[in-house]
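Below: one structure, written as structure tokens.
The values are calculated or read from the model by the stated rules, or taken from the named source; none is laboratory data. These numbers were taken from a predicted model, which means no experiment stands behind them. Positions of Cβ are backbone-derived with ideal geometry, glycine not excepted, and every protein chain shown enters the neighbour counts. Areas reflect the complete protein model, heavy atoms only, side chains present, ligands, DNA and RNA absent. Shrake-Rupley method; radii C 1.70, N 1.55, O 1.52, S 1.80 Å.
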2 protein chains.
Amino acid sequence: MPKDQLSPAATTRAVLQPIGLGRARITGGFWAPRQQRNAENAIPSGQDQLEAAGNLHNLRLAAGIGEGEAIGPVFADSDVYKWLEAVAWEYGRNPSEDLLRRQRELTAVVAAAQRDDGYLDSVVQLRDGDEGRYQKLVWSHEHYCAGHLIQAAVAQVRCTGDTALLDVAVKLADHLVATFGETADGKIRDVDGHPVIEMALVELYRETGTTAYLDLARWFVEARGRGIIADHGHEPTYFSDRRPVREATTVEGHAVRAVYLAAGATDVAVETGDTSLLDALKGQFAHMWATKTYVTGGLGARWDGEAFGDEYELPPDRAYAETCAAIGGIQWAHRMLLATNDPFYADAVERMLYNGFLAGVSLKGSEYFYVNPLQHRGNAHADNNSSPAHGRRGWFDCACCPPNIMRTLASLDGYLATTSEDAVQLHQYAESTITTDSTELHVETNYPWDGAIRITVAKTPSTPWALALRIPAWADGATVNGKPVDPGQYARVEQTWTPGDTVDLHLPLTARTVTAAPRVDAVRGCVALERGPLVYAVEQADHEANVDDLHLVDAPITAHHDPNLLDGVTVLTTQGRVDTPTEIKAIPYYAWANRGIGAMRVWLPRA
Amino acid sequence: MPKDQLSPAATTRAVLQPIGLGRARITGGFWAPRQQRNAENAIPSGQDQLEAAGNLHNLRLAAGIGEGEAIGPVFADSDVYKWLEAVAWEYGRNPSEDLLRRQRELTAVVAAAQRDDGYLDSVVQLRDGDEGRYQKLVWSHEHYCAGHLIQAAVAQVRCTGDTALLDVAVKLADHLVATFGETADGKIRDVDGHPVIEMALVELYRETGTTAYLDLARWFVEARGRGIIADHGHEPTYFSDRRPVREATTVEGHAVRAVYLAAGATDVAVETGDTSLLDALKGQFAHMWATKTYVTGGLGARWDGEAFGDEYELPPDRAYAETCAAIGGIQWAHRMLLATNDPFYADAVERMLYNGFLAGVSLKGSEYFYVNPLQHRGNAHADNNSSPAHGRRGWFDCACCPPNIMRTLASLDGYLATTSEDAVQLHQYAESTITTDSTELHVETNYPWDGAIRITVAKTPSTPWALALRIPAWADGATVNGKPVDPGQYARVEQTWTPGDTVDLHLPLTARTVTAAPRVDAVRGCVALERGPLVYAVEQADHEANVDDLHLVDAPITAHHDPNLLDGVTVLTTQGRVDTPTEIKAIPYYAWANRGIGAMRVWLPRA
């Protein structure tokens, strides 16, 4: 049976304790059908794609099954592990013999592929042999693949009780512990060009209690920014290796690498009580959010290097905003939330989740965007496998995003709520059941379409405790049980509870226009439309006028729910003009490009 | 002694005949000191850089001198050839024993490096041997290097009379003729990923009269866009190989590749009388100029792939606008001008020359920009060897631009004027002497600082002929001998001339604001300042207020010449504001980043 997502020992230093997936359960509303499609469409077709693309072939070859050469990119194994993690979380939500069989069969292959000393990376094993190990760590993704394997293993043991993949992970982690560290200790002083191992090792420490994993995670974090990658002859910015993490004041370089590293560093800071490291990460997150984040929560302004740009460099058309970067951003923000109980981070999770992340997957659940622009011109030319000008695609040559989406949707329940000594915090609002050691809460809501959220206390201890409800910063006029509450804070209802007690939270979902900071040159003279947590987009499919030429006129914005459009969305309508006045109809950004690819824009120029 | 730049036989089908470098001579004014610094600073230091970077080392090794391995990129030879071409043109302008010795010594090495059958590419010879020839033509730049060698050889024989490099070029071209073509003829049906060979072969045909070179150039142009590069497994857009040249309606992919190919195709169209190909090229140029060209004439909107973007995708901050692309753009526009006598193309040459090109070289002449943005933020981070955030640099890891600038400055005289049966056309205005078979003209002007241009006819036949003066499209209110003339046309003064006759052209240099097309989202709400052919920039060095925050107020713009600033520039001043009103001072865009690197912008937001 599913255990808590994080073991109790893990979080003694965090302010908030996570609630395991088995105990926070999305039961309906906005997200449940998306999780269902993830289970029914994405995960099975994902395995087919991994088969077709050669990822499974590589692992089977490394396991001694069949003959041939490795296929695909060096990080091919990681796609398999992310998929295995998704299967594990999904099994935790909805156990099925099919899911158990799929993961057990594949786990057996992975275990057979592992070398006797614990090393595992099928592509390196096949292409370079034992001598090739860790020779090109800047680009080889060996630790990156190891990290995703460890994350999958932790998910598997928590959700199925199976220890088969955990055994592989422990053996691999022990090998890493024996291999990497200070030169004086006879170890390799090197870091992977792509972080993720840091988060993974901390999680394995939480699962097993083995402090050597935490120590190695800390070592990897501390080794960063000390010249290792430059010594290999590479420009370090791309690899988040220009400055030590605790000295950096911003995020830079490859966006996914940067936020994965930051998330892992946050784990290390929490588990080691390293407040100065945590303070540095707070500063980096704040700077990223203020100067390098799209209104959608998208991260990464540059195609060149899939990278963060300079401050305020946020072009809507050439936004990269990789789906994986939004996922990494959510992971980092969630860890900062656990560490601080600052609702700013939960607001950030919400913005990334409903916009920058969710735009990366089709309504059907099995077509994806790798790149998530905020403007798409009608005649844009696709010159790249992952270009959004292709429309949503079933897979990519570089397929990091699809299985990352799968594992995120399958584990989404974990972002809803947390506990602290005398309180339960609700961070994200969804039709759900939240169970803690002593309480059970039922959340009823049609959020984000409707701002009414009712929490019923189904089980409670007799002693008083507090229900803390995040009031999003955009929620001017929010009320709890009819009384005004301040946005940007937690509204705390502290009392002695009786089973059946209810709390009514109301978040006003008035459509609003937002403008960018004046230094964001790329969208000068433009506004974006938002309602609740959703950023809206204007898409060619709803307009006869050419969206490339459309301007917004100052006029009221009306909202109405259309149950027949895009699986049911609340649309916004207002006035615009090209040469003559015309109606503008905006749909949630996440739903664009589900009717073919055409002109789209989030930022609308004012007439 | 220098001969005409193009041999008479070459241009029978062109509308205009070029005037060779020996006969069109810049004698003073704006460009003469730039050519002098090119000769005195850039060319000698360029040879040192080619030595330090290993380019000369490679050729010596291939010539059997010394031992070692090839150093640097696969196209290393081409940098040497561009430098040799610059030396040749410079020798043509100003013969010196030093320049003759430098090119003869290096030519001897190049000749010794050539294989017996004519093949020549030092890097491929050293790294891959004879078996490696043309195995990776998509990326190997073997034809690209050959093209630059041929161009250098033609320059050398024209300017020095030396045939040593021409002998190498002919042997290499004969080898290419024997090797590339239709499979049915037993040849390799392949194209180089990087065009330039097309232009070079046509020029060699003009020099030698050997039609096989023209035929091969035409074959390379026609083979493009027929699936060759896709068949090698590459996405063809980057390589200008998605559509046949005569079917393409725009430029796309890598900007330098695209304009080099177009320039070569223009040569082929002219020499073969292929009007449908020329018509296609007219359409491509017009589309490029209207939708994919910066106000500076800069080409290439994307760092990713150093490429043209979609229509109207022209971000000022992340403009790539590679210096080499401006040079290729000038080469293409000049060929279109020769083919059509349409002043639109001479206007284009002027815009690229004074802005997108000239910004690529420092006032001193020996520091360069590879990338030429139209906005630079004060705190921009350099994460790349060629990033402008480094400021101007003496050389680059990829050093295509510096020697390309050198050869362009050394051959600039060739862009001034042309002839046709009964007329001499002046396209670019500079203090100069223009000599044709029957006429000699002296041009006196301090253009572009002053709009007064006096042409004195020093030598003339007794029969009437016409002097055609380009009136730039921006020159509202221009006069010839006091009479108004229309901008965007040639003002034609046709008469019987007497030595000593003068024509006074006046181009009003009123400072003006320009706005971008409405679809250029990236500079919405902004204006740029221009005066005459110059685009202006606002640079941090002239302002206490933060240029990142500066807005332009509607106010008069005044111009005054400051002889002590930036080697003498006419500056523009007007009113702006940040929080409070402040003066804005604008300098010519070409002169930015000569006082260190800091915030700069061409497009100024309106308050």
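Please get the size of the charge dipole for chain B, origin at its Cα centre, with Cβ charges of +1 on Lys and Arg and -1 on Asp and Glu, quoted in debye to the nearest 20. Write down the numbers at each step before the final one.
Numbers: 53 positive and 79 negative charges, 168 e Å.
Roughly 800 debye for chain B.
Could you let me know the centre-to-centre spacing of segment A:555-607 and segment A:15-40, using Cα atoms, in angstrom? With segment A:555-607 and segment A:15-40 each reduced to a Cα centre, they are spaced 29 Å. In the context of the full set of protein chains, residues of chain A present 33 Å² of accessible surface per residue (probe radius 1.4 Å, heavy atoms only). Helical runs assigned H by DSSP (4 residues or longer) give the protein assembly as shown a calculated mean residue ellipticity at 222 nm of -10500 deg cm²/dmol, each run adding -39500 (n - 2.57) before division by the residue total. Placing a label point 7 Å from Cα along the Cα-to-Cβ axis, B:His561 is separated from the same position in the other copies by 7.3 nm, shortest listed first.
Taking a ≥ b ≥ c as the square roots of the Cα gyration tensor eigenvalues, with a/c under 1.5 meaning rounded and otherwise prolate when a/b beats b/c, else oblate, which class fits segment A:226-372?
Numbers: a/c = 1.83, a/b = 1.19, b/c = 1.54.
Taking the square roots of the gyration eigenvalues as a ≥ b ≥ c, segment A:226-372 is oblate.
What accessible area, summed over both chains, is buried at the B-A interface (1.4 Å probe, Å², nearest 100)? Provide the component values of the computation, followed by the final result.
Working: alone 21310 and 21330 Å², together 39730 Å².
Buried area (both sides, nearest 100 Å²): 2900 Å².
Sorted from closest to farthest, the other copies place their A:Glu40 label points 8.0 nm away, with each point set 7 Å from Cα along Cα→Cβ. Placing A:Phe344, A:Phe369 in order of accessible area, with the largest value first and a 1.4 Å probe, yields A:Phe344, A:Phe369.
With a 1.4 Å probe and all protein chains left in place, how much of the accessible area of segment A:512-605 comes from carbon and sulfur atoms, in whole percent?
Details: 1630 of 3410 Å².
That share works out to 48 percent.
Ligands, DNA and RNA excluded, the heavy atoms of B:Thr558 present near 70 Å² of accessible surface to a 1.4 Å solvent probe.
Computed over the alpha-carbon atoms, the protein assembly as shown gives an Rg to Rh ratio of 1.01, Rh here being the Kirkwood radius from the mean inverse distance.
Strictly over 23 Å apart at the Cα level, which of A:Lys82/A:Lys364; B:Lys459/B:Lys483; B:Lys82/B:Lys292 would you flag in this model?
Details: A:Lys82/A:Lys364 20 Å; B:Lys459/B:Lys483 25 Å; B:Lys82/B:Lys292 27 Å.
As for pairs spanning more than 23 Å Cα to Cα, those are B:Lys459/B:Lys483; B:Lys82/B:Lys292.
Sequence-distant contacts, meaning Cα pairs under 8 Å at least 6 residues apart, place the relative contact order of segment A:512-605 at 34 percent.
Based on the mean of other beta carbon atoms within 10 Å per residue, what is the order of B:518-524, A:450-456, most packed first? Intermediate results must be reported in sequence, preceding the final value.
On the way: B:518-524: 21.0, A:450-456: 17.4.
Peptide ranking by packing, descending: B:518-524, A:450-456.
Interface burial in segment A:297-311 reaches 40 Å² or more for A:Arg302, A:Asp304, A:Asp310, A:Glu311, comparing the full protein assembly with the chain by itself; accessible area from heavy atoms with a 1.4 Å probe. Each Cα pair under 8 Å and six or more residues apart adds its separation to the average, and for chain A the resulting relative contact order is 13 percent. Our note on the geometry: Cα centres of segment B:166-238 and segment B:462-495, 41 Å apart.
Mean per-residue shielding of peptide A:517-528 is 4, counting Cβ atoms of other chains within 10 Å of each Cβ.
Burial of accessible area (probe 1.4 Å, heavy atoms of protein chains only) in segment B:373-387, relative to its chain alone, reaches at least 40 Å² for B:Arg377, B:Asn379, B:His381, B:Asp383. Annotation: lysines with alpha-carbon distance below 19 angstrom to B:Lys136 (same-chain offsets under eight excluded): B:Lys187.
Here B:Arg115 yields copy-to-copy label distances, from shortest upward, of 3.9 nm, the label point defined as 7 Å from Cα along Cα to C-beta.
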